[in-house]
Amino acid sequence: MDDFSATSGDSSSTSTSSSLSIFTNYPLLSALVSFVIAQSIKFFTCWYKERRWDLKQLIGSGGMPSSHSATVTALALAIGLQEGFGGSLFAISLILACIVMYDATGVRLQAGRQAEVLNQIVYELPSEHPLAESRPLRELLGHTPPQVIAGGLLGIVTALMGHVIIFFSGQS
């Protein structure tokens, strides 16, 4: 009985320190910070161009830079810097990043372009047509290659800055 109580006490303190370590998880923080920066850039760019605040820009997809690309690139690079570039974790994160960025410029971009065409067709329907009152499809789904590249560069910069901060704070 004493062994069990000693073990359970250790596991609760370990789980507490494990749950707190999420706030010091460099790859996770790099990915999240990169996502927030990319979405913020879209938000302020929208205000600059259109002189209006569009809160959808903080959570929406599409636009410059690609927050998906920024997130997965920051994650992959941070894992590589922390765990090494020869390990399985880096390989998994790199493949994930490649798939996400390929999908953003391929399938999702084409789906957005198709939505534009379909919305135009529906707009031109006579008012008595059953689809004439249908809600428009979202058109901004994917990214152009420059948007993906910009997101990737943002992810690289974010992960490197995080690495430098950790290095100079002595937490490596």
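Fully extending the segment from TYR123 to PHE167 would add 10.2 nm, taking 0.36 nm per residue of separation and subtracting the current Cα-Cα distance. Protection proxy ranking of 82-92, 33-43, 156-166, 121-131, by the mean of other Cβ atoms within 10 Å over each peptide's residues and highest first, is 33-43, 156-166, 82-92, 121-131.
Each reported figure results from applying straightforward, stated rules to the coordinates on display, with no laboratory input. It should be emphasised that the depicted structure is a prediction, and the values quoted were computed from it without experimental measurement. Neighbour counts run over all protein chains shown; Cβ positions are idealised from the backbone, glycine included.
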